[in-house]
1. Quick one: helix B:214-233 against the long Cα principal axis of chain B, what's the angle to the nearest 10°, folded into 0 to 90?
2. May I ask you to work out the translational diffusion coefficient for chain C at 4 °C, viscosity 1.567 mPa s, via Stokes-Einstein with Rh from the Kirkwood sum over Cα pairs, reported in whole µm²/s?
3. Would you mind ranking B:Phe91, C:Phe107 by Cβ crowding within 10 Å, fewest neighbours first?
4. So how far, in whole Å, is the C-alpha centre of segment A:5-28 from the one of segment B:387-401?
5. Hey, how many Å between the Cα centroid of segment A:47-91 and the Cα centroid of segment C:5-67?
6. 5 Å is the cut-off here: which amide hydrogens, built 1.01 Å from N in the peptide plane, fall below it relative to B:Gly104, excluding neighbours closer than 5 in sequence?
7. Sum up the charges of everything whose Cβ sits under 15 Å from the Cβ of C:Leu432, counting Lys and Arg as +1 and Asp and Glu as -1, but leave C:Leu432 out.
8. Tell me, what does the Kirkwood hydrodynamic radius of chain B come to in angstroms if you use every pair of distinct C-alpha atoms?
Amino acid sequence: MPHPAEERLLRAAELARIALEPHEVPALARDLERTLAAWASLSALDVEHVEPLWSLAESPGPGRADRVAPSLERGELLAGAAEVEDGMLRVPDALGGAR
Amino acid sequence: MTRPEPVIGLEVHCQLGTLSKLFCGCAHRFGAEPCTLACETCSGQPGALPVLNEDALDLALRAALALGCELVPRIAFDRKHYSYCDLPKGFQVTQARMPLGTGGSIELDSGCRVRIERIHIEEDAAKSVHRAGASFIDINRAGVPLVECVTAPELGSAHDARDCLVRLRELLVFAGAGECDMERGSLRCDVNVSLRAPDGTAGARVEIKNLNSFAHVHDALAHEIARQRGMLASGATIARETRLWDPERGETRAMREKESAADYRWLPEPDLPEVALDRARIARAAAALPELPMARRRRYRTELRIDPELTEVLLESPAKAEFFDAAVRHARDPRAIASWMANELRSLLRERAHGVATLDELPFKPFDFAELVELASSGRASRTAARTILREMLRTPRAPRELLRTLGLERIEEGPELDELCRRALEARPAALADLRAGKLRALEALLGAALALSGGRAHPDAARATLVRLVQEERP
Amino acid sequence: MKARAAVESALARIEGLEGELGALLDVDEDGARARADVLDRESEPRSPLHGVPFLVKANLCWRGRPTSAASRALEGYRPPYDATVLAQLVAAGANPLGSCNMDEFGFGSSGEHSSFGATRNPWDLSRSPGGSSSGCAAAVAAGFAPFALASDTGGSVRQPAALCGISGFKPSYGRLSRHGLIAFASSLDTVGVLADSIERIEQVLAIASGLDPRDATTRALPEVFAEAPREHLRGVRIGVDRHALELVTHSASRACVESALDALRALGAELIPIELAFARHAVATYQLISSCEAASNLARYDGLRYGPRERGDATLQGSIAATRGAGLGREARRRVLLGTFALSQGEREAWLERAARVRRLVRDELSACFERIDVLVGPTVPEPAFRLGERLDDPLAMYACDALTAPASLAGLPAASVPCGSVEEDGVALPLGLQLVGAPLADARVLAIARCFQSATAHHRAQPPLCGSLS
């Protein structure tokens, strides 16, 4: 029966798509709990009338004009790819096995 | 006992007709070689950043205004995280908190209005194909600008859903948002459908994907509604799920991939700071909108009295409607303009006469077209002659009046030439002549036919009739 | 042949000392020599940095060269483009030598979280140089190059600068382009500079800054970059947060910082006490926000388009999970998992959103100070370099390193660290740093004040004993 802290960790690992080794789970779960406990100090502050600050860029640069710029050569774009076939990236089956 | 009623909503994705992608300068083109239209930004390389394409925002604004939406005061983007092979950054940049427009509506053919819950800007995913136990990704489409339009779940039948999509597409095309071609993937539609029980309780919502044409939308919904009704009737529960339409089998089937409820971990996009949407920009977008299709349809049918069928031809594209409106400004009879556009001009374009296939390739202006139609309507040229002139106009930008003369197609309305033609017609049809002498006026048509044939269609029918009758009368001693 | 000579001298130093330091991940010997030869043939210097060798942190994209951010997830990855700041410096005639080790993706303050080996502090090889710009700081302190381009998200330039006895600067957010900086936390990441002097930093910033059409968070800042050098600080109002000083518990370290403050007074500055109520929440706020943004920015490392790939169970999601499991180190996992949790449905409002609101409080309070003062001064770090291994399994202790540097990051303010002396531990002199934080966009002002302090005190001239071993 997984500990609630471990359950939280495993859910996060599933969402984040990180395969964890079983032996790391307890330690990571502890780290998660301890860190959250330390962060809990923020809950004591009164922020009811304060808007979240999402970005420091308050007078941002302009957007782009709609002009075409050269794309990367396919060779350079795909140079680091693990598998390429017919000019496309070949990746494990997204539809999960037998069709 | 009343049947459970369908409750349908559409989710439509329309590619915006910009030259470059939403956040980078890569071109977006249909049919390019795979992975040749990508850069560090749209392929999600480390360190690459998005910069907003200003034209994409303008086109999206036009779409939102055309739908009658209320606009948001600031443009803000959000990251929507999920894991799939077609998502280069592991998240899609879209608008969640502040969609560009809300509260619009679209008018169906029946006159009902369907509410548009929201329209927002987002980037397209890459394209993936699956075969032989592997998946293949073409990055070209990643980052193409889209607007997503979501209707309220107010459609009540497969027929209405299809009509709604047709009207929505038409509106987006007229607004100039994009080409909206379902076959080329520049317009895509997912639907969601549930059944509402007679007591008003809503059933589980099923989403259907992989609908590549208007027909698919109709057929998939018809099938799914029947499927759900069948399940309810037999006491089975309908699962809330996503299904794929299989056009070959004519059925929807559950997607193989089991989806847990998605947790998108929304994050306001930190690389694209919020920008205020200023009034001047909105005004420019509004000014760029032409008369919208529904309003045009009403005007053509009721004010100009064009037949419904012809009206639909004129509304097939903004180019056609604009050409028509421009021609009508110089014409006496809009109905004649419409008829000539839908019939003669259309068949010449289909035939690619003189290599001209579309309206924008025409070497002549709407003004000239109006003049041609007037020549035909007024009788100065026979229909056949006018057709010949029109064909010639596709080759050379000369005025129709001039061509009438230079091609020798002027109507013969009077004079010795007409008399001579009629005499010959009378000689060629002795039986008809006898009938006419006997007072049988029906014979006149056969004689008229002969006179027209002899004149190569140039004899004016009324004048010819009158001449034939006069000649016969003059015979009498 | 100054450029070539500079390269040869750097390479010789690297050969002598790198083995002990572990500061570098890649050296472009042939490229640097070739560039130097071209630069030497040019008749006019392109800038004050013409022919000057420099290093880049391994999270700045260098086209065609291994750029891994010290992570296995990017092992062997060669970017198809250059970071804007790198291109700007190269265009100005500076000569990139190679790339520096760091804490993986920027996660860490010790240099121990690299997937390719830890970096050591040149002042004491058993100690940490700080992080995440660990390799850059160690390399500059060891004299491999006069400056390095690095990044500072919560203190990653300033803290290692202080621990290695060199100068470091985090510009205002948006002043330098992030195009090509491998993202950790997008609303906090700033390209920064580590260098042998503040004067050098001013030279670098004059070149590598400005509106970049590839980065929508940059801004066109019209001011001229450097202020004229000052000989004194009369008329300058210096704020001191006593609470920050109290974080320096070690008495010798406290004395060192206090004498730096005395030096400022001696230069004529007026010291004004400042109270900051929200600064104590800066670490939690910074860690929360940066972890969430990190979880987001690292979502792309799935092995599908670049980087090593694991097969896993041969399904797409299985392969992605296995690839990320293999590619992300211990601290990277922690940050991504924390960030994922704090972003998840049902948790977001209580964690991320709340932190973003507190951020506004911290930012507004800090920025408001500058109505009464010109610069806020205090210790950069609470204590000198700790021993390697000491904090490895205690993430909270590691995060506490950010306490003095995080506020300026949250607020996007320009902040410098200058050497202010050293304390002795176990017979070894360990440097400390003085941090100067300026008003929004007042980068030139901060640097001018720091430069004045530096000219008067000359702590930055001290060299680690390691360097004495080279004759």
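None of the figures in this text is laboratory data; all of them are computed from the coordinates on show. Please read these numbers as outputs of a predicted model, since none were measured by experiment. Positions of Cβ are generated from backbone atoms using ideal geometry, with glycine treated the same way; all protein chains shown enter the neighbour counts.
1. Approximately 50 degrees, to the nearest ten.
2. Approximately 59 µm²/s, per Stokes-Einstein.
3. Going from sparsest to densest Cβ surroundings: B:Phe91, C:Phe107.
4. Between the Cα centre of segment A:5-28 and that of segment B:387-401, the gap is 77 Å.
5. Spelled out, the Cα-based centre of one part sits 29 Å from the other.
6. For B:Gly104, whose amide H was placed from the backbone, the distant partners under 5 Å are B:Glu70, B:Ile116.
7. For residues surrounding C:Leu432, the net value is -3.
8. Taking every pair of different Cα atoms in chain B, averaging 1/r and inverting gives 26.8 Å.
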